[in-house]
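Data block below; observations after.
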Amino acid sequence: MEEKPEVIESERVYSGRVFGLRDDTLRMPDGTTLKRQVIEHPGAVAVLAFEEDGDVLLVQQYRHPAGEALLEVPAGTLEANEPPEACARRELEEEAGRRAGRLAPLGILRPSPGICDEIIWLFEATELETTPARPEPDEALTLVPLAFDEALARAADGRITDGKTIACLFRAAGRYGARSTSRV
């Protein structure tokens, strides 16, 4: 791998509720300089939750930037100093009304590394216990259980378009094969 560029100047130009924006000036290994804008994000989690029968729990919610309701895994943004596993457990309870007896990592996802420093920690949740859902006041969620194979097919053919959901489904498929019922 090549030598990394050196950040010679960095200026925060925006701080919002969810993200920030900074302008960086980089000195490249060949001595040239260039500017890059970076969206700063605290990180997030996404949870692929398996019911005992092998169904996965997805949530449908309206996403304003997309202009439509999307089918997604339960997910959310890390709070200050919150470990990803704790956030995953919290989001699963809030959005799906489930407590995970077992939570296993499925790796990370960098959704837009060309412009954003966000990392999404992906998890698989099993041994679920039903609890009251506690969505945020601005979240109108509908819980949608789907057979794992059906969810995977929807991700493969484009009916599921959310990147973190697609990543979770395909990571789990790679780990267990296409049929979730053979592993639960």
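The values are calculated or read from the model by the stated rules, or taken from the named source; none is laboratory data. Only a predicted model underlies this, so the values are computations on that prediction, with no experimental measurement involved. Cβ placement follows ideal geometry from the backbone for every residue including glycine, while neighbour counts extend to all protein chains displayed.
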Next item on the list: Could you tell me whether segment 88-104 includes any residue that is in the same structural domain as VAL144 (by TED's automatic domain parsing), within 12 Å of the chain's Cα centre (by Cα), surrounded by fewer than 18 Cβ atoms within 10 Å (Cβ to Cβ) and not small (Gly, Ala, Ser)?
Entry: no
Item checked: Selection from segment 118-135 of residues that are within 17 Å of the chain's Cα centre (by Cα) and within 17 Å of VAL73 (Cα to Cα) -> ILE119, ILE120, TRP121, LEU122, PHE123, GLU124, ALA125, PRO135
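This table checks each residue for (1) surrounded by 14 or more Cβ atoms within 10 Å (Cβ to Cβ); (2) in contact with an Asp or Glu (Cβ under 9 Å, 6 or more places away or on another chain).
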site	(1), (2)
LYS4	no, no
GLU9	no, yes
THR25	yes, yes
THR32	no, no
LYS35	no, yes
Next item on the list: Considering every residue within segment 37-51, establish whether at least one is surrounded by 14 or more Cβ atoms within 10 Å (Cβ to Cβ) and modelled with pLDDT under 95.
Entry: no
Note to self: Among (1) out of contact with any Phe, Trp or Tyr (no Cβ under 6 Å at 6 or more places or on another chain); (2) outside the structural domain of ALA151 (by TED's automatic domain parsing); (3) surrounded by 14 or more Cβ atoms within 10 Å (Cβ to Cβ), there is one condition LEU21 misses while meeting the rest; what is its number?
What the structure shows: (1)
Note to self: Go through segment 26-40 and report how many residues are farther than 11 Å from ILE8 by Cβ, under 32 Å from the mean Cα position of the chain (by Cα) and in a loop (DSSP other than H, G, I, E, B).
What the structure shows: 0
Next item on the list: Filter segment 104-142 for residues that are among the aliphatic types (A, V, I, L, M) and in contact (Cβ under 8 Å) with a residue 40 or more places away in the chain and give the result.
Entry: LEU106, LEU109, ILE115, ILE119, ILE120, LEU122, ALA125, LEU128, ALA133, ALA140, LEU141
Note to self: For segment 70-107, give me the residue count where each residue is in a strand (DSSP E or B), more than 22 Å from PHE170 (Cβ to Cβ) and of a type outside the set (D, E, K, R).
What the structure shows: 2
Next item on the list: Give segment 105-117 a look and list any residue that's under 10 Å from the mean Cα position of the chain (by Cα) and crowded, with 17+ Cβ neighbours inside 10 Å, or say none.
Entry: LEU109
